[in-house]
1. In the structure shown, do any of Lys177/Lys265; Lys73/Lys98; Lys73/Lys110; Lys73/Lys174 have a Cα-Cα gap over 27 Å, and if so which?
2. Quick check: from the Cα gyration tensor, does the range 35-86 come out rounded (a/c under 1.5), prolate or oblate?
3. As a test of the formula, what do you get for the chain when each DSSP H run with n ≥ 4 contributes -39,500 (n - 2.57) and the sum is divided by the residue count, at 222 nm and rounded to the nearest 500 deg cm²/dmol?
4. Take the alpha carbon gyration tensor of the range 33-119, find the square roots of its eigenvalues, order them as a ≥ b ≥ c, and report rounded if a/c is under 1.5; if not, report prolate when a/b exceeds b/c, else oblate.
5. If you place +1 on the Cβ of every Lys and Arg, -1 on the Cβ of every Asp and Glu, and leave all else neutral, what size is the dipole of the range 190-290 about its Cα centre, to the nearest 20 Debye?
6. Under 5 Å between amide H atoms, partner at least 5 residues away or on a different chain: which partners does Asp282 have, H built in plane at 1.01 Å?
7. On full extension of the chain, what length is gained from Asp83 through Thr276, given 0.36 nm per residue of separation minus the C-alpha to C-alpha distance?
8. Efficiency by 1/(1 + (r/R0)^6): what FRET value for Thr76 and Lys100, r their Cβ-Cβ distance, R0 = 22 Å, to the nearest 0.05?
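Bear in mind that the values in this text are calculations on the coordinates, not laboratory data. Bear in mind the structure is a predicted one, so any value in this text is a computation, not a measurement. Using ideal geometry, Cβ is built from the backbone for each residue, glycine included, and neighbour counts are taken over all protein chains shown.
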Amino acid sequence: MVEIRSIGVMGAGQMGSGIAHVCALAGLDVGLYDIARDRLEACLNVVSANLGRQVASKKITEEQRREALSRIKLLTDLEGFADTDLVIEAVTENETIKRKALSQLCPELKPKAMIGTNTSSVSITRLAASTDRPERFIGIHFMNPVPVMQLVELVRGIATEDETFEAARAFVAKLGKTVAVSEDFPAFMVNRILLPMINEAIYTLYEGVGTVDSIDTAMRLGANHPMGPLQLADFIGLDTCLSIMQVLHDGLADSKYRPCPLLVKYVEAGWLGRKTQRGFYDYRGATPVPTR
Ligand code: 3HC
């Protein structure tokens with residue numbers, strides 16, 4: 001079986017930072033790529049701060065934090081992936097952007113390199129078809145926040161070889177995480193179940209059944225969810241939530257997946273949740289304030 005020693009992460013966003021974090025902590029060499037140098041540096045600061053939280057709660061030592069950080073190399077050129085065993089694509093959740101990123105990536109990789117995609121919802125088979133190696137392509141879907149969440153969904157495309165699947169499974173085990181295997185259906189398992197719940201919470205707000213605060217309180221205290229669904233939507237990013245609902249709606253052709261018009265409106269307004277400091281909560285002050 002192919003052993004994965006070096007990892008590439010394409011895209012220095014929320015998920016890219018978490019993936020780089022857990023890979024470096026597991027002793028793997030990590031190349032973190034983005035087109036913008038300032039985004040890469042901001043991402044490394046996030047990784048450093050999150051490793052610092054783990055030091056503070058004694059989950060890791062200061063030495064492990066320093067070693068992990070030293071294993072992450074910032075790249076603004078895809079040529080830096082020439083020797084990498086597995087590159088995980090974690091760019092924006094948009095099929096066109098992902099396909100473009102993958103087609104730019106392939107010529108830079110060694111022939112045996114594997115590609116994983118962290119897509120939340122898009123068909124693995126379709127993304128694989130935009131690469132030169134569908135047999136070494138697989139969905140490796142991490143959950144946010146990656147350093148905390150135990151689960152990784154593994155999703156094979158129609159062409160994914162057994163060897164690729166087993167190497168990916170061993171890689172996830174090396175990170176100390178647990179695999180759930182999903183078939184290649186729109187949004188796989190976690191998001192197929194979670195996002196309609198979030199969308200329904202937004203309908204509940206849209207129809208005036210409850211306020212932001214009452215809906216989130218209801219689900220935190222009434223269903224024991226660690227975060228209310230609207231708080232979680234802001235955490236995931238409302239643009240990502242909308243993309244996933246659109247993939248479900250288009251892919252499963254069922255009106256039950258229709259994105260709530262209020263979600264659409266928030267995204268059109270550029271209110272994308274925490275990352276833009278405004279979503280169902282306003283994050284500009286010391287504590288988030290519900291907006292409706
Ligand atoms: N890195 C490292 N550690 C982190 C962290 C991060 N990014 N975020 C939180 N932590 C740690 C904290 O340091 C704290 O550690 P401690 O218990 O050792 O002190 C612990 O996690 C709990 O954090 P907090 O005390 O700050 O806050 P909470 O208790 O509210 O927990 C939470 C935060 C873990 C995010 C929790 O609210 C939660 O589990 N929320 C739900 C998250 C969820 O559902 N994620 C899945 C989303 S779906 C998805 O990702 C799929 C995608 O495709 C859309």
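1. On the way: Lys177/Lys265 36 Å; Lys73/Lys98 22 Å; Lys73/Lys110 19 Å; Lys73/Lys174 20 Å.
Pairs exceeding the cut-off: Lys177/Lys265.
2. Numbers: a/c = 3.61, a/b = 1.79, b/c = 2.02.
Oblate shape, in that a/c is at least 1.5 and b/c is the bigger or equal ratio.
3. On the way: 11 runs with 131 residues, N = 292.
Rounded to the nearest 500, it is -14000 deg cm²/dmol.
4. Details: a/c = 2.23, a/b = 1.86, b/c = 1.20.
Verdict is prolate for the range 33-119.
5. It works out to roughly 180 debye.
6. Amide H to amide H, under 5 Å and 5 or more residues apart or across chains, Asp282 pairs with Val289, Thr291.
7. 65.9 nm
8. In this case the efficiency is close to 0.85.
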